[in-house]
Each structure stands twice: as structure tokens, then as C-alpha cells.
Amino acid sequence: MKMYAVFLGPPGVGKGTIAGRFKEKYDIPTIVVGDILRKHVAEQTELGLKAKQYMEAGDLVPDEIINNMVRDVILSGEWENGFILDGFPRSLPQAEALEDIMKELNKPLTGVFFFEAPEDVIIERISGRLICPKCGAVYHIKNLPPKKPGICDKCGTKLIQRPDDKPETVKRRLAVYREATAPLVDYYEKKGLLYRIDATQGIDQVVSQIESIVNSRVK
Ligand code: AP5
């Protein structure tokens, strides 16, 4: 399987988890903008120092910083199996920048998979999420628990809650999503690129929905 895909949807809906499954199963690389930013913050790079305040507040990092960062990542890579963009674009200016980047790469976007779930499901997922600060693995207290409570299966590190998963910040992230990112649904629908995914289903079922779209409808 090969695709140049965007995973679009509200915070905590499961984009990262599902992108990870495609990476494991089909060796499709994932470009996880939130993870790239968190690495910059942890390493206190110039970009990380600029991004930190926005991320902690639950706001978007300015488009110019993100567009340049993603452009560098995409245009400097080899993408034999395509890629999954998780967390980009999140605004109309970012969607326009992606169009230019794909032209430069000389590849068409396969599709934009829009993960849909009601807000109570999203809040339940975010409030139970635990992440590994070392390797980035993502768990859920109930839906995807680690084998040993509070410890990463992959590297044995103590799991933590993401700093921006605090209830007040989540509220802000959802508001920012509705205002800046939700308009992209219309934008990609008009371009005939949007595929709606029922993200309330279990992880395997969400993966199957995307597989069948890629296999049957996407040329
Ligand atoms: P980012 O890290 O991208 O956060 P996000 O979009 O808010 O997405 P999340 O990582 O919260 O959720 P997810 O959908 O990946 O869910 P997950 O798979 O973990 O961005 C963080 C910040 O960086 C932003 O606020 C912003 O400041 C900045 N930023 C990032 N991109 C930017 C951009 N383009 N422009 C500007 N700023 C940007 O799943 C959630 C939980 O649910 C997990 O516990 C998981 O185990 C569980 N779960 C997942 N799927 C299922 C399922 N099907 N069934 C049951 N449980 C499930």
C-alpha cells in the first residue's frame, strides 16, 4: 500500500494512533507535526523556544514557522511508500502551502481522511491518554493500556500525561480546531479529496475503513 495522505480531525480523535498502525503494517512513514514540535521544545532549539508558548496555551504555532518546517521535512525526504501527514494542514494558509509543496514534490495528494467523533468521545480519549516521554508511544488507560501499569511497553520508561492534555488547555485546543481547522473539511470536500472516517470505532475498524477506501476508491 502506498499513499500521500492527510489525517485531519480534532485533537485526541486518534489520528496519531492510526497513523502509527499504517507505519507498522505497511511501512508508510508518518510526518507527525506535534511530535516534531515537541522534540524541538525538549531540545530547546530556536524553533522550540518560539513554539513552546503557543503549544502550552493550546494555540496554533504561527503558519509561517510550520509551513517552512514541514516544507523542509517533505522536500528533503525520500518517500517510496508515500507518507501520512498527521497534524498538517490545520489552517487554510497551511493547506495552500501544502498544495505548493506537493507541486514541488511532483506528487498528487491521495486523499484527506477526516476523523469524525463527538466531543464526549474525544474528551474521554484525551483524559485517558498516557504518553512515553522517551519514545513517544501513546497509550490509553482503558482502551489501550500498557502491559505494566504506568510503564512503556517499548522502552520501560514511566508514562506521563501530555502537558497540553489538562482540561483547560483541551477546551482551548477544541475551540482553535473549530475556528481554524474545521473549515478545511469544506475546502477538501470541494476538491473531491475528502474521505469521512467514523473514528468512534475501535482501532482495527478505523484502520480497515481507510484500507478499503485506499484499495477501492483512490487511484
Ligand atoms: P498534536 O500533537 O498534533 O495534537 P492534536 O492534533 O491535538 O492531536 P493529538 O495528538 O492530541 O490527538 P490524536 O488525534 O493524534 O489522538 P491519539 O492517536 O493520540 O499538536 C499539539 C500542538 O502542537 C497543537 O496544539 C499546536 O500548538 C501545535 N501544532 C501541531 N501541529 C500544528 C500545525 N499544523 N500548525 C500549528 N500548530 C501546530 O489518540 C488519543 C487517545 O485515544 C490515545 O490515548 C489513544 O490510545 C486513544 N485512541 C485512539 N484511537 C482510538 C480508537 N479508535 N478507539 C479507542 N481509543 C483510541
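At 222 nm, what helix-only mean residue ellipticity would the chain give, in deg cm²/dmol to the nearest 500, using -39500 (n - 2.57) for each DSSP H run of four or more?
Mean residue ellipticity at 222 nm (helix-derived): -14000 deg cm²/dmol.
For the chain, give the magnitude of the charge dipole about the Cα centre (Cβ charges: +1 Lys/Arg, -1 Asp/Glu; no others), in debye to the nearest 20.
The calculated dipole for the chain is roughly 660 debye.
If you take the alpha carbon radius of gyration of region 98-138 and divide it by 2.2 N^0.38 Å, what ratio comes out, to two decimals?
Relative to the rule-of-thumb radius for its length, region 98-138 sits at 1.84.
Each residue of region 203-211 in order: what ³J(HN,Hα) in whole Hz does its phi give by Karplus 6.51 cos²θ - 1.76 cosθ + 1.60, θ = phi - 60°, with x for Gly and Pro?
4, 4, 5, 5, 4, 4, 4, 5, 4
Counting each pair of different Cα atoms once, what's the Kirkwood radius of region 65-154 in Å, rounded to one decimal?
For region 65-154, the Kirkwood estimate is 16.0 Å.
Please identify the longest segment of the chain free of exposed GluC sites (Glu not before Pro), where exposed means a DSSP state other than H, G, I, E or B and no more than 10 other Cβ atoms within 10 Å.
The segment 81-219 is the longest one with no such site.
Expressed as a whole percent, how much of the Cα-Cα distance distribution for region 140-219 exceeds 20 Å?
61
Given a 1.4 Å probe and every protein chain left where it sits, what share in percent of the accessible area of region 1-145 is carbon and sulfur?
Roughly 51 percent of what the probe reaches on region 1-145 is carbon or sulfur.
For the chain, treating each Cα as an identical point scatterer without solvent, what Debye log10 I(q)/I(0) comes out at q = 0.14 1/Å?
-0.89
Below 24 Å Cα-Cα, how many Lys pairs turn up in region 76-166? Only count pairs eight or more apart in sequence, or on different chains, if you could.
13
Using θ = phi - 60° and the Karplus form 6.51 cos²θ - 1.76 cosθ + 1.60, what ³J(HN,Hα) does each residue of region 95-106 get, whole Hz, x for Gly and Pro?
5, 5, 5, 5, 4, 5, 4, 5, 5, 5, 6, 6
Residue-wise, which Karplus ³J(HN,Hα) couplings in Hz belong to region 74-88, taking 6.51 cos²θ - 1.76 cosθ + 1.60, θ = phi - 60°, and x for glycine or proline?
For region 74-88, the Karplus-derived couplings read 5, 6, 9, x, 10, 10, 4, 9, x, 7, 10, 8, 10, x, 7 Hz, x marking Gly and Pro.
For region 14-139, take the convex hull of the Cα atoms, compute a quarter of its surface area, and give me that in nm², please.
Result: a mean projected hull area of 8.5 nm².
The values are calculated or read from the model by the stated rules, or taken from the named source; none is laboratory data. None of the values given here were measured: they were computed from a predicted structure. Reconstructed Cβ throughout: ideal geometry from the backbone, glycine too, with neighbour counts over all protein chains shown. These area figures cover heavy atoms from the full protein model, side chains too; ligands, DNA and RNA do not enter into them. Shrake-Rupley method; radii C 1.70, N 1.55, O 1.52, S 1.80 Å.
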